[in-house]
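A.B. asks: Have a look at the structure that comes next, please.
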Amino acid sequence: LQGHGIDKAMISGYLAAEQAKSAFVNNRFDATFLKQYDSKVYRKFGAEFIRNYRLMKVVQTAPWLIDIAARFDQSKLLKSLFKRWS
């Protein structure tokens, strides 16, 4: 959501390396076997990506929400609302 993504790149790279190793160990390079990587990435990040996508859609229609959130970042009420959405 914030455009960083370095942590996700590192984790997905690790998952890719695990899948590559497993492919060599099992001598399986077919699409069905390699699709396990997709499943692992989705299990790890899918819910977060869906939540962030929905939040970006809301912000796209009401960008002033970001201004409000930035001003009230320390607000306990706002934090509890965001916690409830996630």
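The values are calculated or read from the model by the stated rules, or taken from the named source; none is laboratory data. These numbers were taken from a predicted model, which means no experiment stands behind them. Positions of Cβ are backbone-derived with ideal geometry, glycine not excepted, and every protein chain shown enters the neighbour counts. With ligands, DNA and RNA removed, areas are computed over all heavy atoms of the protein, side chains included. Shrake-Rupley method; radii C 1.70, N 1.55, O 1.52, S 1.80 Å.
A.B. asks: With a point put 7 Å past each Cα toward its Cβ, work out how far Thr61 is from Val25 in nm, to one decimal.
C.D. replies: So the two model labels end up 4.7 nm from each other.
A.B. asks: What accessible area, in Å² to the nearest ten, does a 1.4 Å probe give for Ile50?
C.D. replies: Approximately 70 Å² for this residue.
A.B. asks: Keeping all protein chains in place and using 1.4 angstrom, which order do Phe45, Phe29, Phe24 fall into by accessible surface area, from largest down?
C.D. replies: The ranking, largest first, comes out as Phe24, Phe29, Phe45.
A.B. asks: Another question, then. At 1.567 mPa s and 4 °C, plugging the Kirkwood radius over alpha-carbon pairs of the stretch 1-66 into Stokes-Einstein gives what diffusion coefficient in µm²/s?
C.D. replies: Translational diffusion coefficient: 94 µm²/s.
A.B. asks: A further question follows. Round to the nearest 10 and report in Å² the accessible area of Lys83, as given by a 1.4 Å probe over the protein chains' heavy atoms.
C.D. replies: Approximately 150 Å² for this residue.
A.B. asks: Please work out how much accessible surface Glu48 shows to a 1.4 Å probe, ignoring ligands, DNA and RNA, in Å² rounded to 10.
C.D. replies: 60 Å²
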